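Below: the structure, in structure tokens.
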Amino acid sequence: MLSFQTHFETSQINGALLEQTFESLQEESQTIGYYTLPASSLALCAKVRGELLPKTTFFDTIAVVGIGGSSLGIKAIDRLLRASTPHAKKIVYFENSDPLSIAYTASHIEIAKTLFVVISKSGGTVETLSIFKYLIATFEMTLENSQQVIVVSDEGSILSQFAHHYGLQRFAIPDNVGGRFSVLSAVGVVPLLVAGFNVEELLEGAKGFMESFWDRKEDHLLKKAAFYVHNAQSLPMNVLFSYSDAFEELGKWVVQLWGESLGKRNEYNERVGLTPISLIGSVDQHSFLQLIIEGPLNKTVTFIRIEHSCDELTIPRLSLPFLEKVDFVNGYPFNTLINAQCQATMQSVRQSGVSVDEITLSAIDPTTVGEMIIYYELLTSASGVLLGVNTYNQPGVELGKQILQGYFSE
């Protein structure tokens, strides 16, 4: 379960604005597909368990070939649930067109026991298809009716046509689900379920939070979005300060979701947006924190912590010569220490005049992770409505793709 606490002023936020935003989200939920994924993907889980899992039991490694929205959400869930799912198969990621990374990852897989899941919303992602071609050539893969390659793409895309041509297992991404909002579709369901994660419980968590939002029990989310947008000129940056290494990949997913969805020109052709920054506590208390506390007051900070993670791992009651200075934490669980560090840092940030809110996870489990995924997707959508942008396109990214193609056409 997630709990939320806001430490910035929201009393000035117009109630009518919140109502209008809520109604706008209700309206777009009729056409934007991610809103229905928590419920609709449960049927997909049943299909994967019934049709795909029996064919994939031999594989002990899942290789995800995809980039951005086709990999970041999977990595986030994998990282968050890996510690509590020790039986899960290994997942490796082929994302970047960096030759060093491609060669290193390829050299550390056993081809005969690796299942490849090739994911591209458009079906024409140059990084994904180039890496896939490299893997085919390097491992001399036989594609005809292969049980070793699964394709996830839009129905009718060139990648989907390729899969049909070779008789490969394929799953479609709904047309009305954008790539960065797609982790609860076949994009995430297929590799995570095959790897052994409890995807049904993840979806139930997301579904429960979505229902709670529509029942108006999560209006703090609307208030937070309104606060961000109302103060976007003076507070253009949001720092996600997460107190566990397990949140590192979630932070990267949020950065894409937030940045690619909200950094746009609005209906008046004005450049708008909110800049996301992801930090990990307590590590970044020793790097970025100084800038937050004594640098420009142009940031908001969201603290995320886990109430119960690993209480049995304790700091030894060991006093060492010259090191007695830190004996005050002896005998305490590390979980107590990191949560105390979170609270102390949050207090220092608040005292410096920075606007702060906090999200607490009761524990890391599929339910809370599903809630977190939907929370950030809804927060992004609400902020997009208030900014007056199309949350679901990415014209700036498309321009870069066109320029790249031009380099190789000259």
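Rounded, prolate or oblate: which fits the stretch 66-135 when a ≥ b ≥ c are the square roots of the eigenvalues of the alpha-carbon gyration tensor, with rounded for a/c under 1.5 and prolate only if a/b beats b/c?
oblate
Based on the Cβ-Cβ distance of residue 5 and residue 271, what FRET efficiency does E = 1/(1 + (r/R0)^6) give at R0 = 41 Å, to the nearest 0.05?
For residue 5 and residue 271, the calculated efficiency is 0.80.
Output the antiparallel fraction of DSSP beta bridges having both residues in the stretch 33-197, as a percent to the nearest 5.
0 percent
Which lysines have a Cα less than 23 Å from the Cα of residue 55, not counting those fewer than 8 places away in the same chain?
Once the sequence-local lysines are set aside, what remains near residue 55 is 47, 89, 90, 113.
Rounded to the nearest 5, what % of DSSP beta bridges with both residues in the chain are antiparallel?
Here the antiparallel bridges make up roughly 15 percent for the chain.
I'd like the orientation of helix 37-47 relative to the chain: the angle between its Cα long axis and the longest Cα principal axis, in ° from 0 to 90, rounded to 10.
Long axis of 37-47 versus the principal axis of the chain: about 40 degrees.
Helix 126-138 against the longest principal axis of the chain: what's the angle in degrees, Cα atoms only, rounded to the nearest 10?
Orientation of helix 126-138: about 50 degrees from the principal axis.
Please name whichever of 134, 39, 235 sits farthest to the positive end of the charge dipole of the chain, dipole taken about the Cα centre and charges placed at Cβ: Lys and Arg +1, Asp and Glu -1.
134
Ignoring everything except DSSP H segments at least 4 long, calculate the 222 nm mean residue ellipticity for the chain; use -39,500 (n - 2.57) per segment, divide by total residues, nearest 500.
Value at 222 nm, helices only, nearest 500: -14000 deg cm²/dmol.
Please give the FRET efficiency for residue 212 paired with residue 57, using the beta carbon to beta carbon distance and R0 = 35 Å, rounded to the nearest 0.05.
Result of the calculation: an efficiency of 0.45.
Rounded to two decimals, what is Rg over Rh for the stretch 291-410 when you use alpha-carbon atoms and the Kirkwood radius?
Checking Rg against Rh, the ratio lands at 1.17.
Checking the a/c ratio against 1.5 first, then a/b against b/c, what shape does the Cα gyration tensor give for the stretch 33-197?
Here the stretch 33-197 falls in the rounded category.
To the nearest 20 Debye, how big is the dipole of the stretch 253-410 about its Cα centre, given +1 on the beta carbon of each Lys and Arg and -1 on that of each Asp and Glu?
My answer is approximately 360 debye.
Straight distance only, please: which lysines reach the Cα of residue 224 with their own Cα at less than 27 Å, same-chain residues fewer than 8 apart left out?
The reachable lysines, counting only those whose Cα sits under 27 Å from residue 224, are 75, 207, 252, 264, 299.
Quick one: among 78, 327, 175, which has the greatest mean-square fluctuation in a GNM of the chain with alpha-carbon springs under 10 angstrom?
Among 78, 327, 175, the largest GNM mean-square fluctuation belongs to 327.
Given points 7 Å out from each Cα along the Cα-Cβ axis, report the residue 175 to residue 112 separation in nanometres with one decimal.
It is 4.5 nm.
Rounded to the nearest 10 degrees, what's the angle between the helix 199-214 long axis and the longest principal axis of the chain, both from Cα atoms, 0 to 90?
50 degrees
Each reported figure results from applying straightforward, stated rules to the coordinates on display, with no laboratory input. These numbers were taken from a predicted model, which means no experiment stands behind them. Every residue, glycine among them, receives a Cβ derived from its backbone with ideal geometry; neighbour counts consider all protein chains shown.
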